[in-house]
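The values are calculated or read from the model by the stated rules, or taken from the named source; none is laboratory data. Not measured: the values here are computed from a predicted model. Cβ: placed from backbone, ideal geometry, glycine included. Neighbour counts: every protein chain shown.
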Amino acid sequence: MPINNISGCIGCETCVQVCPTDVIRMDPKTKKAVIQYQADCQICHLCRMYCPVDAITITPDKSIPVVVSWG
């Protein structure tokens, strides 16, 4: 389970839009992001990086460093 927690979600849907594997979905009742398909997470960190309120935590033992190209 790479994504450890979504806490403090404001319901902006940014994480849902940037996730390339549709791991995160919006809960229609709470209007908050939920981890729907944990096994499909590719640990790309896009959800965490684009979250405007830092609501997403990646499990440290599964996390890999973000590689930034200096081109």
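What to note about this one:
- Residue match in region 32-41 (condition: without any contact (Cβ under 8 Å) to a residue 12 or more places away in the chain and acidic (Asp, Glu)): no
- Reported count of residues in region 43-71, each being modelled with pLDDT under 90, assigned to a loop (DSSP other than H, G, I, E, B) and under 10 Å from the mean Cα position of the chain (by Cα), is 3.
- Residues of region 12-64 satisfying the condition of being of a type in the set (Gly, Ala, Ser) and in contact with a Cys (Cβ under 7 Å, 6 or more places away or on another chain): ALA33, ALA55
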